[in-house]
Amino acid sequence: MSILEILNKQALSKEEIKRLLAAEGDDKKLLFDKALQTKLAHLDNHVHLRGLIEYSNICTKSCLYCGVRSKNLKVSRYHLSDEEVIECAKLAHKLGYGSVALQSGERSDKAFTEKITHLVKEIKKIDNGSLGITLSLGEQSEEVYREWFEAGAHRYLLRIEASNEELYYKIHPRDEKHDFKKRLDCIDSLLKVGFQTGSGVMIGLPFQTLDDLASDLLFFKQKDVAMVGMGPFIPHPDTPLWQYKDQIPSAAERMDLTLKMIATLRLMMPEINMVAATATQTLDPQGREKAILAGANVMMPNLTPNAFRENYLIYPDKANVKDKPSQTQSKIDESLAAIGHKVLYNAWGDSMAFTKKQK
Ligand code: SAH
């Protein structure tokens, strides 16, 4: 079957997805063109922003890829004060972002979960609930997810990281704190509670195959998630996976594969929200724009106070650690205009796929 025939199919098989992920030259161009057309037809040229607040790097887990893993003793640990979080959220509102995303290392103790409930309620008070709230706070019980949902959060990101259980345990310790089944259950709980639920994976991990990546895309489709975040894996020197840094695809290859993953998923799920991950910008200054052109429609500009950003290095050389929000803003407007896109300001920017399902 030719690439054109595959691109015009309604449902893609695993083998067809693999063909798209392996596309090069003219075939790859056809894939990107089709993905962009599909996105524009369903979602227009709008990009939604979420002001990212990196609440805390205190983490009880030790994921083998992550720079803020608990076993990395070089990291100085912080959490933002309530005032700092509210200031970030007010700034997001003032800049017209419409939404914030609160992300953190993983804790499930009551002091933490209750603090988050409080913060969500406080953010909701800003201008009578005008900000949308996405959470990215890891695995929690269904009760906690429900408490946060009832407090006013309505979107939740929990990347599966690898939908293949074997690969999952090559990038996580095999213990009760890093249980593949639990992560799957958490995604189900989030869907059940009623969150616009997002998942995702890293691309270019050691041991990861094209077959794994095709399965990841089918997993998102099967779970019918509302949002997906996928970005290139970036090895961190203070993590166990660093030892494989010479065995993974090059930065350019990881970037290219990320774009093909985004484009392919856009064909499979035309109306979901897909983020142009900051990690793409770390590997390529134009990374986020390339991701937008491949089919992504969300960006998460960092609003964490600059003093804390260098302690939230889940991977090294993170882009924008030193930028000020106002600079970030004009850069985003300009770079999107240059590729024929624009920010949809002062809107929550919910997933169209989710909104339609609710009706
Ligand atoms: N503790 C939260 C938030 C994790 S940080 C949670 O578990 O959901 C958000 C994402 O960053 C992770 O889900 C992971 O996919 C990504 N990430 C972590 N380390 C990375 C690395 N070295 N390179 C690229 N992405 C990484």
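The values are calculated or read from the model by the stated rules, or taken from the named source; none is laboratory data. Since the structure is predicted, the reported quantities are computational estimates derived from the model, not experimental observations. So basically every Cβ, Gly included, is an ideal-geometry build from the backbone, and we count neighbours across all protein chains shown. Only protein heavy atoms, including side chains, enter the accessible area calculation; ligands, DNA and RNA are left aside. Shrake-Rupley method; radii C 1.70, N 1.55, O 1.52, S 1.80 Å.
Gain in length, Asn8 to Gln243, computed as 0.36 nm per residue apart minus the alpha-carbon separation, to one decimal in nm? Spell out each step's value before the answer.
Details: separation 235, 0.36 × 235 = 84.60 nm, distance 4.15 nm.
So the extension gain works out to 80.5 nm.
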- Would you grab the residues whose amide H sits under 5 Å from the one on Asn302? Only those 5+ places off in sequence or on another chain, please, with H modelled 1.01 Å from N. Leu52
- Message: At 7 Å along Cα-to-Cβ for each site, give me the label-to-label distance between Asp317 and Asp26 in nm.
- Response: 3.5
- Message: Can you give me the % of accessible surface on the chain that is carbon or sulfur? Probe 1.4 Å, all protein chains present, nothing else counted.
- Response: 52
- Task: Report the Cys residues of the chain lacking a disulfide-compatible partner, meaning no second Cys Cβ under 4.7 Å from their Cβ.
- Result: Cys59, Cys88, Cys186
- Percent RCO, i.e. relative contact order, over the chain, from Cα pairs under 8 Å lying at least 6 residues apart: 25
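Looking at region 19-143 only, what percent of DSSP beta bridges run antiparallel? Nearest 5 please.
Values: 1 of 11 bridges.
The antiparallel proportion sits near 10 percent.
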- When the distances between all Cα atoms of the chain are binned every 20 Å from zero, what whole-number percent does each bin get? 31, 63, 6
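Sort 187-198, 105-116 by packing, meaning the average of other beta carbons within 10 Å per residue, with the highest value first.
Values: 187-198: 20.7, 105-116: 16.1.
Going by the mean number of other Cβ atoms within 10 Å, highest first, we get 187-198, 105-116.
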- In whole Hz, with x marking every Gly and Pro, tabulate ³J(HN,Hα) for region 3-19 from phi via Karplus 6.51 cos²θ - 1.76 cosθ + 1.60, θ = phi - 60°. 4, 4, 5, 4, 5, 9, 7, 6, 10, 9, 7, 4, 4, 5, 4, 4, 4
- Item | Accessible surface, region 14-121, averaged per residue in Å² (probe 1.4 Å) | 43
- Task: Kindly list the residues of region 167-190 that lie in the label zone of Thr60, defined by a backbone N under 13 Å from the point 7 Å along the Cα-to-C-beta vector.
- Result: 176-179
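If you stretched the chain out fully between Ser81 and Ala251, how much longer would it get, using 0.36 nm times the residue separation minus the C-alpha to C-alpha distance? Kindly include the intermediate steps, with their values, before the conclusion.
Details: separation 170, 0.36 × 170 = 61.20 nm, distance 3.62 nm.
So the chain would gain 57.6 nm between Ser81 and Ala251.
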- Item | Distance (nanometres) between label positions extended 7 Å along Cα→Cβ at Ala41 and Ile126 | 3.8
